[in-house]
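**Q** Just passing along the structure, written as structure tokens.
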Amino acid sequence: MKKETSSVELVRRVALVGVITSVVAVILNLWVNFYFQYDKVVERKTQEMAEDYYENYFYDNFLATLNSGNKEVAFEKYETTGFAPMLLRQLLLFDGKRNQDYMKHFDNEYYYCDVHTSRILFYPVAPYGRKDYRIEQVLTCNYK
């Protein structure tokens, strides 16, 4: 009787390990598919380039145009309308084409983004610091 009980217990443990392994495999598969989808990669890469542009170039240049004016008033005007849209092409060519390596994400054998119509909008947010803004991406992309 004791031998039968240990066989049944062994079968239960093997079945439990099989179920746990299957659940982990399904979850991992869903995560990989979500994380590495081309549209998600494009959104992340666009976000990276846009953040770099706004924080390290645009913000300082906009402040320089104020001629010692009130920063809050100047930024507040653009809080709802946003600054002029920036084309994805402009972001890729910005600063001596420093973002040119990103192009492989926007045009490859599986996915294509129209860099002439895809655009990024920047909206300043109070208190209008270097990292106080939101980005809206309007991407024109399709699977090939």
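Readers should treat all values here as calculations from the given coordinates under stated rules, not as data from a laboratory. Note that the structure is a prediction, hence the values are computed from the model and not measured. Methodologically, a virtual Cβ is constructed for each residue, glycine included, from the backbone with ideal geometry; neighbour enumeration extends over all protein chains shown.
**Q** What is the helix-to-structure angle for 88-97, meaning the angle in degrees between its Cα long axis and the longest Cα principal axis of the chain, kept from 0 to 90 and rounded to the nearest 10?
**A** Roughly 70 degrees between the two axes.
**Q** Same structure, new question: Under a Cβ-Cβ cut-off of 13 Å, what is the net charge of the residues other than Glu72 that fall near it, where Lys and Arg count +1 and Asp and Glu count -1?
**A** Its environment carries a net charge of -1.
**Q** Now, a different point. May I ask you to derive the relative contact order of the chain, considering only C-alpha pairs under 8 Å and at least 6 residues apart, and to give it as an integer percent? The partial results should precede the final answer.
**A** Values: 138 pairs, mean separation 33.0, N = 144.
Normalised by residue count, the contact order of the chain is 23 percent.
**Q** Excluding same-chain pairs closer than 8 in sequence, count the lysine pairs in the stretch 38-143 whose Cα atoms lie under 26 Å apart.
**A** 9
**Q** If you find the alpha carbon centre of the stretch 18-97 and of the stretch 126-144, how far apart are they in angstrom?
**A** The stretch 18-97 and the stretch 126-144 have Cα centres spaced 5 Å from each other.
**Q** Can you list the residues, at least 5 places off or on another chain, whose amide H is less than 5 Å from the amide H of Ser118, using H built in the peptide plane?
**A** Under 5 Å from the amide H of Ser118 lie the amide H atoms of Leu88, Thr140, each far enough along the sequence or on another chain.
**Q** Now for a separate question. With log10 I(q)/I(0) by the Debye sum over Cα atoms at q = 0.15 Å⁻¹ as the read-out, I listed [x] -0.70; [y] -0.93; [z] -0.84; which label goes with the value calculated from this structure?
**A** Derived directly from the coordinates: [z].
**Q** Angle between the Cα long axis of helix 38-53 and the longest principal axis of the chain, 0 to 90 degrees, nearest 10?
**A** 40 degrees
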